[in-house]
């Protein structure tokens, strides 16, 4: 018996991964050298300790404890997202595998756990992520790299910046990056969404008002330009500002001067203006809804953000980012997306851009139960497309329309289209022949 014990100790100490065993009371009975290295505890310190007291793992105790399942049910387990607390207080990411230990009569006498140190791998991932992220903006595509360069170039100066891009492309993230890379970083960053307020309310919000200036003005109110003094003001949806207010905005840009609503005193402010819009402002100038002189004041340094469909190679990177974010938020352990879901997400056009992708992953976290996000976990409106305005009422007409939409999305690749539609390629061919597609 002693020889067998010595042989077992020799074997576990020869393994590069950490190995320890527990009895049915979760007392540690074996602790190899690699486990000592990973945790910082010596074998002598570990033996006899409760494993959950020693490691304080993110999976210890409760329904998430794999060792608990092993000891009480004999169920083997594996997890890639475990964090243990080392002796020095360091959080150590590990992969774990657990399995039951049986006696000669087949009864469970404890459990064995293998710890694989993930610190080097995590460091490599962080380095890779660092190369492809910039001030909370994610993207490795050359178009995004150009955006990063433009942000760094303009940040040190006071010049006005106009960020142009579709909704959901991250215009506010770019504005914040410019501010926090500038020498104004310790001063206020004030955001105004021009599309959410009426003309009168927007004027008061921008420039403030004096007590009694209008019904309900019971006290003097500082506007956003006052609050942003020495800092940055971000005018989101600047194309929505009414023409009568644009002249006052132009004056602030030119002279740094304004009056509160109902006031006569001219106030001065030192503010950097960053504006953003999803409108075609040159076209709005032609329509007479946007002042040409204001456009040129804002458009000193334009930055265009590409829609997500123009940088599809960033989708896997964004998926990894959002899965990590929602794993932490929902306290789950999603490992990624299935092949069919990934194929769909790589082909989808994203009218809502990065925001739509983020919302879709959040939806999948709430709906899905498995370790991987599968196609059926994604929002139904993404899968079926917007059929509200198609005008199709007959089932066959709708099916023909949907097949054509998916074929277009897959650029004619029938194998991918069949996968997205959830049918065989033969069935797809038959339906294409039926509908003369």
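Among 211-221, 333-343, what's the highest-first ranking by average C-beta atoms within 10 angstrom per residue?
Descending mean neighbour count gives 333-343, 211-221.
Taking the beta-carbon count within 10 Å as an exposure proxy, list 354, 374 from fewest neighbours to most.
The fewest-first ordering by Cβ neighbours comes to 374, 354.
Against the longest alpha carbon principal axis of the chain, how many degrees, from 0 to 90 and to the nearest 10, is the axis of helix 425-434 turned?
40
Which FRET efficiency value, to the nearest 0.05, do you get for residue 381 and residue 300 by plugging their Cβ-Cβ distance into 1/(1 + (r/R0)^6) with R0 = 60 Å?
Efficiency, rounded to the nearest 0.05: 0.95.
Suppose only helical runs count, i.e. DSSP H with n ≥ 4. What mean residue ellipticity at 222 nm does that imply for the chain under -39500 (n - 2.57) per run, divided by all residues and rounded to the nearest 500 deg cm²/dmol?
-12500 deg cm²/dmol
Once fully extended, how much extra length lies between residue 332 and residue 90, figured as 0.36 nm per residue of separation less the alpha-carbon to alpha-carbon distance?
84.9 nm
For residue 105 and residue 76, compute 0.36 nm times the residue count separating them, minus their Cα-Cα distance, and round to one decimal in nm.
In short, 8.5 nm is gained.
What do you get when you divide the Cα radius of gyration of segment 309-384 by 2.2 N^0.38 Å, with N the number of residues?
0.98
Would you list 176, 369 from fewest to most Cβ contacts within 10 Å?
Neighbour counts put them in this order, fewest first: 369, 176.
So how do 284-297, 32-45 stack up, highest first, on mean other-Cβ count within 10 Å?
My ranking of the peptides, most packed first, is 32-45, 284-297.
Based on alpha-carbon centroids, what's the gap between segment 195-235 and segment 287-308 in Å, whole number please?
Centre-to-centre distance over Cα atoms comes out at 23 Å.
May I ask what percent, to the nearest 5, of DSSP beta bridges between residues of the chain are antiparallel?
60
For segment 408-437 and segment 328-377, write down the distance between their C-alpha centroids in whole Å.
Centre-to-centre (Cα) distance: 23 Å.
Pick from 230, 264, 367: which is most flexible by mean-square fluctuation in a GNM of the chain where alpha carbon atoms under 10 Å apart are linked?
Residue with maximal mean-square fluctuation among 230, 264, 367: 264.
Using only C-alpha positions, report the orientation-averaged shadow area of the convex hull of segment 132-306, nm², one decimal.
About 10.1 nm², averaged over all directions.
Enter the angle in degrees (range 0 to 90, nearest 10) between the Cα long axis of helix 353-367 and the first principal axis of the Cα atoms of the chain, meaning the one along which they spread out most.
With rounding to tens, the tilt is 40 degrees.
Kindly express, to the nearest 10 degrees and within the range 0 to 90, the angle between helix 243-255's C-alpha long axis and the longest C-alpha principal axis of the chain.
Result, in degrees: 80.
Taking neighbour counts of Cβ atoms within 10 Å as a proxy for exposure, in what order, fewest first, do 28, 383, 323 appear?
Exposure proxy ranking, most exposed first: 383, 323, 28.
Values in this text are rule-based calculations from the coordinates and carry no lab data. The model shown is predicted, which means the values in this text are computed figures rather than measured ones. Please note: Cβ atoms are built from the backbone with ideal geometry, for glycine as well, and neighbour counts cover all protein chains shown.
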